[in-house]
Amino acid sequence: MGRMTIILSRRLAALAAALFILFGAWPARGAEDPTISLVKTIIVREYQGRKIDVEEYVVESGDILTRILQRRRVVGEGPIPRDLLALIQALNPDLKDPDLIHVGQKLFLPVEGVAVEAEGPATGPKEKAAVEPPAKIEEKAAAKPPAGPEVKPAAPPPVSPDETRDMKFKSVKVRPGERLALILRRVGIPEHLIFNEYINLTIKINPQLKNPNLILAGQEIKVPLPGTWSESELQAATGSGPIPARAPSVPPTATRVSPEPAPRPQPRPAPKLAVTPPPMPPSNSLAVRAALGLIFTRIGERFINRGQHFLPLKSGGQITINTQSFPIIELRTGRRVLLDLDHRLPEDMVALIRSNWANYTIFRPQPGEGLTALLKRLIEMSQYYKVREDGTPWRLSREIGVRISADWIIWPSAADWQAGRAVVINLPQTPAQGTSPEVAAYLETQGLKIIDFYPRGNLIGPEPRRDSIEPQLKTEEMAASDFQDFTRGLLDLVGQKFESDLSIPLIRNGESGADFNFTVQAPIYLTRGGANYVIDFQRRPPSMEKLLEEHHFRLITREAGERPEAFALKLFQALGLETNSGLNIQSSSRPNGRGIEITVPGALVHAPGGKLLLTSIDLPREIAPLLARKGLRVVRYVLGGAGGS
């Protein structure tokens, strides 16, 4: 363990010294700073047992696959070799027809020099390239030099014959398209040692390599054998100080290394990069950052706030963003919003992002802007299909009616608008103004997502109820074969006595009525408050109705086509009971009339034993506890036969 620690410390010290020599004294920056790296991103995948270097390419207007590969020097003139085509299709499972690619499509393509099995005879051993699933992608620095001016540190002196006498190496012949990293990988050097030590060692034992980025096919070079020696071991064996660093085939990134304290040589002037990030002040926007993350994640967008985000530049190199400091909202439309909440991104870096990536937007708060104003601008920037804001009401026609007046109602797409799927955002000041969790749960089953964000505590809701004993709603069932049977059931519910199919005499001739009499048939007859009532289920002639009124009978008639709840309300009102059409539940209430209200269809009556809701629907289980807490007696009726029309 002690020897491992010493070797690791020496390697870190050597790497730190090399970076110091290359970059000199770098301005002190926070760990959150964005950086520009003159390194291309290479993706390593496996294909038929071999690691393959690939890059992501976005198809441009006029591109065809053959021209793309020729332009990237993967193939020469002529058709694409069959094995290379198989490799590309393995890298891109969605690429069913290589002749059909479209603008904006992302392709994973092998980098220049990747060897595949040729279709004709080959002079050397055949090697096949290939691919593993995206889950195993890892990023590393590629060995291609970036576009633009090249930084060329002074070359180190070659290793003397005395130093290399006991070292083991072999001579290899460079294959077409190979570079040092590929050669070292081919001879079996472990991946983690290639860029840390072995590229520099290979350069040191090949003084004829004036530019290690330019090696020619057929050229013979010496490469160290794996596990035989390393730069740190060379230091220990010769007793020399740190070996002067030389630029590896991949120019170093601006990523800092924090080694153990060690003496440093006199620093050279730092090479001039395209952008030098200045020292940045600490962030004062943690609360806003957390709020936006909670809200946009609940909306359904991807909020990236961990790890590093890489933005390749068209001219070569890349911008590296620490997303913990500069979160990115990745919208379902493909747009990305980079949040610079403290105005800490340098202007030249902002200009680079805007000029290289049309789908990226830099968002910065304006002076004095609060969370509501920030959200308003971000929602506008997100370019959702339709948005209602500032309390503009919206009604959703469902079995249970919904009326919503909120800070924002968002329909992300045209399909969401047509289907009535929406995201509702409220910023209540207190939990008492928040949405009932039962109603929010029900609305979610109807395609509505409710987001309550409480700025005072950075809390997001609706929060679930924590009642120790949840009240249970008991729903009664009332089945009726026709409207007369339905009416008898209504009278039973409110405790009203009645008689069915009663003959009522209205006119008699003489005391005995022997000469003639006139009677009226009453389907349902009752008395209430000293008044006589006749309930009819079809309209009588006007003369008959007038005669009943003259004899102090009150007539209650069910009109043709009258719905059951409407008739029930008319009956209960005639009996002097207080009624309401449906049950309105105010699930949230805020100033300026903002809130969410649902209406359960039916007839609500204040019966002698308490409030009673008569309805024909199956109440959703999400809102049943809410009705139980109101102490309602709920009766669900089923009306069959011709009388139900």
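For residue 405, the conditions (1) under 30 Å from residue 627 (Cα atoms); (2) open to solvent by 50 Å² or more (accessible area, probe 1.4 Å); (3) among the hydroxyl-bearing types (Ser, Thr, Tyr) are fulfilled apart from (2). When restricted to residues that are in contact with a Pro (Cβ under 9 Å, 6 or more places away or on another chain) and open to solvent by 20 Å² or more (accessible area, probe 1.4 Å), region 358-375 contains 4.
Only one of these conditions is not met by residue 633: (1) open to solvent by less than 60 Å² (accessible area, probe 1.4 Å); (2) in contact (Cβ under 8 Å) with a residue 24 or more places away in the chain. Which number is it? Exception for residue 633: condition (1).
Scanning region 91-113 for residues that are in a loop (DSSP other than H, G, I, E, B), of a type in the set (A, V, I, L, M, F, W, C) and within 27 Å of residue 217 (Cβ to Cβ) yields one hit, 111.
Residue 425 - would you say it is within 20 Å of residue 461 (Cβ to Cβ), of a type in the set (A, V, I, L, M, F, W, C), assigned to a strand (DSSP E or B) and under 19 Å from the mean Cα position of the chain (by Cα)?
Judged against the criteria, residue 425 is a match.
Considering only residues in region 532-550 that are farther than 23 Å from residue 496 by Cβ and charged (D, E, K, R), the one that is least open to solvent (accessible area, probe 1.4 Å) turns out to be 550. Residues in region 514-542 that are outside any loop (DSSP other than H, G, I, E, B) and of a type in the set (A, V, I, L, M, F, W, C): 518, 520, 522, 524, 526, 531, 534, 535.
Scanning region 399-422 for residues that are part of a strand (DSSP E or B) and of a type outside the set (Gly, Ala, Ser) turns up 402, 403, 404, 408, 409, 410, 411.
Is it true that residue 327 is modelled with pLDDT under 85 and either surrounded by 18 or more Cβ atoms within 10 Å (Cβ to Cβ) or within 29 Å of residue 414 (Cβ to Cβ) (or both)? No. Taking into account only those residues within region 551-593 that are of a type in the set (S, T, N, Q) and over 20 Å from residue 486 (Cβ atoms), which is surrounded by the fewest Cβ atoms within 10 Å (Cβ to Cβ)? Checked region 551-593; the qualifying residue surrounded by the fewest Cβ atoms within 10 Å (Cβ to Cβ) is 592.
A count restricted to region 342-357 and to residues that are closer than 17 Å to residue 290 by Cα and open to solvent by less than 20 Å² (accessible area, probe 1.4 Å) stands at 0.
Any chance region 488-496 includes a residue that's loosely packed, with under 11 Cβ neighbours inside 10 Å and modelled with pLDDT under 80? No, region 488-496 contains no residue that is loosely packed, with under 11 Cβ neighbours inside 10 Å and modelled with pLDDT under 80. Annotation: residue 568 fulfils all but one of (1) touching a Gly at 6+ places or on another chain (Cβ under 8 Å); (2) touching a residue at least 60 places away in the same chain (Cβ under 8 Å); the unmet one is (1).
Starting from residues that are closer than 21 Å to residue 179 by Cβ, open to solvent by less than 70 Å² (accessible area, probe 1.4 Å) and assigned to a strand (DSSP E or B), keep the ones in region 29-49 and report whichever is modelled with the lowest pLDDT.
Residue satisfying both the conditions and the ranking: 37.
Within region 388-398, the set of residues being part of a strand (DSSP E or B) and among the charged types (D, E, K, R) comprises 388, 389, 395.
Taking the criterion of being assigned to a helix (DSSP H, G or I) and either modelled with pLDDT of 85 or more or open to solvent by 50 Å² or more (accessible area, probe 1.4 Å) (or both), the residues of region 53-84 that qualify are 65, 67, 68, 69, 70, 71, 82.
I want to confirm something. Restricting to region 48-78 and keeping residues that are acidic (Asp, Glu) and touching a residue at least 12 places away in the same chain (Cβ under 8 Å), which single residue is nearest to residue 358 (Cα to Cα)?
The qualifying residue nearest to residue 358 (Cα to Cα) is 60.
Scanning region 302-337 for residues that are out of contact with any strand residue (DSSP E or B) (no Cβ under 9 Å at 6 or more places or on another chain), over 18 Å from residue 288 (Cβ atoms) and among the basic types (Lys, Arg) yields one hit, 314.
Residue count for region 436-460 satisfying the condition of being at pLDDT 90 or above and assigned to a loop (DSSP other than H, G, I, E, B): 2.
The values are calculated or read from the model by the stated rules, or taken from the named source; none is laboratory data. What you see is a predicted model; the values in this text were computed from it and never measured. Every residue, glycine among them, receives a Cβ derived from its backbone with ideal geometry; neighbour counts consider all protein chains shown. Remember, those area values only see protein heavy atoms, side chains included, never the ligands or the DNA or RNA. Shrake-Rupley method; radii C 1.70, N 1.55, O 1.52, S 1.80 Å.
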